[in-house]
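See below for the structure under consideration.
The values are calculated or read from the model by the stated rules, or taken from the named source; none is laboratory data. Please read these numbers as outputs of a predicted model, since none were measured by experiment. Cβ placement follows ideal geometry from the backbone for every residue including glycine, while neighbour counts extend to all protein chains displayed.
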Amino acid sequence: MLNESPVHDLSDEQCWEFLGNHEFGRLAFHLAGEVHIAPVNYVADNGRLIFRTAEGNKLLGVTMNQDVAFEVDQFTDDAATSVVLRGVAETLEGPDADRADTLPLRPWVATTKLVVVAITPTEMSGRHFELQRPWLHARTD
């Protein structure tokens, strides 16, 4: 009997395709000796993730310590996919920041976010999981 694993590693190309098809993830960053996680909308662009932010903890955190992590997930009743990357965050200025105006990247919340941040990955991994979740199939809706 052939048992195929319900867990499948994604290639870098598959990770980038997944990241490009989504626009919401979680940024993990260091601030004052603690690890923080914040939701952000982003766009994948030329091997980097780009997001906008305002003055506050995210900006202070990535300015003081550029080492960050980022995660994007998707799940249904039968499958889940997760891409996690570690990388270096940098604020963009001048023409690099102006280029963000040409990307499909706008704040989801009606607040002003003038600072553009790019994350360049140093490590990336992705996995696709075939889920069992038998309790979902036992519903009698």
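Quick rundown of the values:
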quantity	calculated
Hits in the range 5-35 - residues which are surrounded by 15 or more Cβ atoms within 10 Å (Cβ to Cβ) and touching a Phe, Trp or Tyr at 6+ places or on another chain (Cβ under 9 Å)	Leu10, Leu19, His22, Glu23, Gly25, Leu27, Ala28
Test: residue in the range 45-60 that is touching a Phe, Trp or Tyr at 6+ places or on another chain (Cβ under 6 Å) and modelled with pLDDT under 95	no
Of the criteria (1) at pLDDT 95 or above; (2) within 28 Å of Thr102 (Cβ to Cβ); (3) within 15 Å of the chain's Cα centre (by Cα), which one His36 fails	(2)
Any chance Phe24 is among the aromatic types (Phe, Trp, Tyr) and either over 23 Å from Ser125 (Cβ atoms) or in contact with a Leu (Cβ under 9 Å, 6 or more places away or on another chain) (or both)	no
Selection within the range 63-76 - within 14 Å of the chain's Cα centre (by Cα) and either of a type in the set (A, V, I, L, M, F, W, C) or part of a loop (DSSP other than H, G, I, E, B) (or both)	Val68, Ala69, Phe70, Val72
Some residue of the range 39-61 being closer than 27 Å to Leu10 by Cβ, within 13 Å of the chain's Cα centre (by Cα) and without any contact (Cβ under 8 Å) to a residue 24 or more places away in the chain	yes
Condition met for Leu49 (among the aliphatic types (A, V, I, L, M), under 21 Å from Phe29 (Cα atoms) and in a helix (DSSP H, G or I))	no
Selection from the range 77-124 of residues that are part of a helix (DSSP H, G or I) and either within 29 Å of Pro6 (Cβ to Cβ) or among the polar types (S, T, N, Q) (or both)	Thr102
Residue that is nearest to Val72 (Cα to Cα) [pool: residues in the range 1-44 that are in contact with a strand residue (DSSP E or B) (Cβ under 8 Å, 6 or more places away or on another chain) and acidic (Asp, Glu)]	Glu23
Ala79, sole failed condition from (1) at pLDDT below 95; (2) out of contact with any Asp or Glu (no Cβ under 7 Å at 6 or more places or on another chain)	(2)
In the range 71-86, residue nearest to Pro39 (Cα to Cα) [restricted to those that are surrounded by fewer than 14 Cβ atoms within 10 Å (Cβ to Cβ) and charged (D, E, K, R)]	Glu71
Among residues of the range 88-114, those that are without any contact (Cβ under 8 Å) to a residue 24 or more places away in the chain and small (Gly, Ala, Ser), counted	3
Test: residue in the range 84-104 that is touching a Leu at 6+ places or on another chain (Cβ under 7 Å), at pLDDT 90 or above, of a type in the set (Asp, Glu) and at negative phi	no
